1. So, in segment 19-64, how many residues would count as being within 23 Å of Glu75 (Cβ to Cβ) and not in a helix (DSSP H, G or I)?
2. Between Leu46, Leu67, which is touching a helix residue (DSSP H, G or I) at 6+ places or on another chain (Cβ under 9 Å), under 13 Å from Val17 (Cβ atoms) and surrounded by 14 or more Cβ atoms within 10 Å (Cβ to Cβ)?
3. If Thr10 meets every condition in (1) surrounded by 13 or more Cβ atoms within 10 Å (Cβ to Cβ); (2) of a type in the set (Ser, Thr, Tyr); (3) more than 18 Å from Phe70 (Cα to Cα) apart from one, which number is that one?
4. Just a yes or no: is a residue in segment 76-84 open to solvent by 50 Å² or more (accessible area, probe 1.4 Å), modelled with pLDDT of 95 or more and among the aliphatic types (A, V, I, L, M)?
5. Do the conditions hold for Pro9, that is, is it free of Cβ contacts under 8 Å to residues at least 40 places away in the same chain and of a type outside the set (A, V, I, L, M)?
6. If Ile49 passes every condition in (1) touching a Ser or Thr at 6+ places or on another chain (Cβ under 8 Å); (2) modelled with pLDDT under 95; (3) among the aliphatic types (A, V, I, L, M) but one, which one does it miss?
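The values are calculated or read from the model by the stated rules, or taken from the named source; none is laboratory data. Just so we're clear, the structure is a prediction, and the values are computed from it rather than from any experiment. All Cβ positions, even for glycine, are placed from backbone atoms using ideal geometry, and neighbour counts span all protein chains on display. Note: accessible area is taken over every heavy atom of the protein model, side chains too, but ligands, DNA and RNA are not part of it. Shrake-Rupley method; radii C 1.70, N 1.55, O 1.52, S 1.80 Å.
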Amino acid sequence: MIQQVIHSPTLKTVLMVEEVLQKESSPITVAELKRRLPKQIMHNTLLQILDYLQHCGKIIIGTKGILWIFAEREELNRLIQRGTEV
């Protein structure tokens, strides 16, 4: 029998990718993201992380690249306080 080893990214790797994406204000390509990461990671591992972040609603992957869209709760609270009540 042949068993397939399933590799999952570590939390440290996911947080590393999140940190780089959060600092970007414009869409970034996968190739540029790989260059900006402090450590090299395998391409399939990066794609798995990006799928996870997209599923969680933290990023959008479009034709021009990847964009961080998740708003921290502090920012939401400030926006709610400044907003007009309907």
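1. The number of residues fulfilling the criteria is 12.
2. Answer to the check: Leu46.
3. (1)
4. Scanning segment 76-84 turns up no residue that is open to solvent by 50 Å² or more (accessible area, probe 1.4 Å), modelled with pLDDT of 95 or more and among the aliphatic types (A, V, I, L, M).
5. Answer is no for this residue.
6. (2)
Here is a yes/no grid of residues against (1) in contact (Cβ under 8 Å) with a residue 40 or more places away in the chain; (2) surrounded by 11 or more Cβ atoms within 10 Å (Cβ to Cβ); (3) at positive phi; (4) touching a helix residue (DSSP H, G or I) at 6+ places or on another chain (Cβ under 8 Å):
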{"position": "Glu18", "(1), (2), (3), (4)": "yes, yes, no, yes"}
{"position": "Gln22", "(1), (2), (3), (4)": "yes, yes, no, no"}
{"position": "Pro27", "(1), (2), (3), (4)": "yes, yes, no, no"}
{"position": "Ala31", "(1), (2), (3), (4)": "no, no, no, no"}
{"position": "Leu37", "(1), (2), (3), (4)": "no, yes, no, yes"}
{"position": "Met42", "(1), (2), (3), (4)": "no, yes, no, no"}
{"position": "Asp51", "(1), (2), (3), (4)": "no, yes, no, no"}
{"position": "Ile59", "(1), (2), (3), (4)": "no, yes, no, yes"}
